[in-house]
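Every number here is computed from the coordinates shown, using simple stated rules; none is lab data. Just so you know, these numbers come straight off a predicted model, no measurement behind them. Neighbour counts are summed over all protein chains in view; Cβ atoms, including those assigned to glycine, are modelled from backbone coordinates with ideal geometry.
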Amino acid sequence: MSKFIFEMQSEGGRLSWRGIRYMLVRPETLIGLQRAVKNDEAVAAGGFEGEKRTSAKLSETMKGRHVAEAMASMGGDLGWGSFRLEKFDANGFEMCVDACAFAEAFGKSSAPVCHYLRGVMAGLGTTLMGKATAVEKECAAAGGKTCRFEVKKG
């Protein structure tokens with residue numbers, strides 16, 4: 001059962017969680033936008049900005065690893081894939097996403113393609129560590145078993 005309850009307002013056309021607005025969109029829509037802009041860092045910046053707001057809200061009631069675990073749970077609730085926090089310490093963390101919606105929507109690639117999620121991971125890391133960078137070390141679209149993100153402080 002989901003830990004995150006999204007509030008739907010049928011008359012106002014809003015979907016929100018703790019006052020933060022969300023929207024449902026097909027992964028192919030975001031991948032289509034990613035292909036059109038041809039700017040991986042712009043796509044990552046979108047994920048970064050959204051996650052900073054969500055992880056800041058989560059940080060009001062929990063700290064550190066618990067925020068990362070809650071974000072992983074929420075990612076699954078949003079249909080992005082099955083998230084696993086593999087490693088977590090003061091210098092960073094590693095998050096894996098099985099059945100990643102972004103990789104599946106993109107299709108086969110010779111390089112990692114989950115730029116939006118990479119930005120999400122960097123946003124989460126920045127909330128938790130002050131500043132962070134994220135790299136997609138493995139991508140299902142590029143032949144990996146999972147999508148694996150390494151986030152480092154600094």
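With a cut-off of 8 Å between alpha carbons and a minimum separation of six or more residues, what is the relative contact order of the chain in percent? RCO, the chain: 22 percent. For Gly92, the residues whose modelled amide H falls within less than 5 Å of its own, excluding neighbours fewer than 5 places apart on the same chain, are Lys153.
Beyond 28 Å, the tail of the calculated P(r) for region 2-146 holds 15 percent of the Cα pairs. Extension gain, Asp77 to Arg26: 0.36 nm times the residue separation minus the Cα-Cα distance gives 16.9 nm.
Peptide packing for 51-57, 24-30, 82-88 was compared via the average number of neighbouring C-beta atoms within 10 Å per residue; ordered from the highest value, the list is 51-57, 82-88, 24-30.
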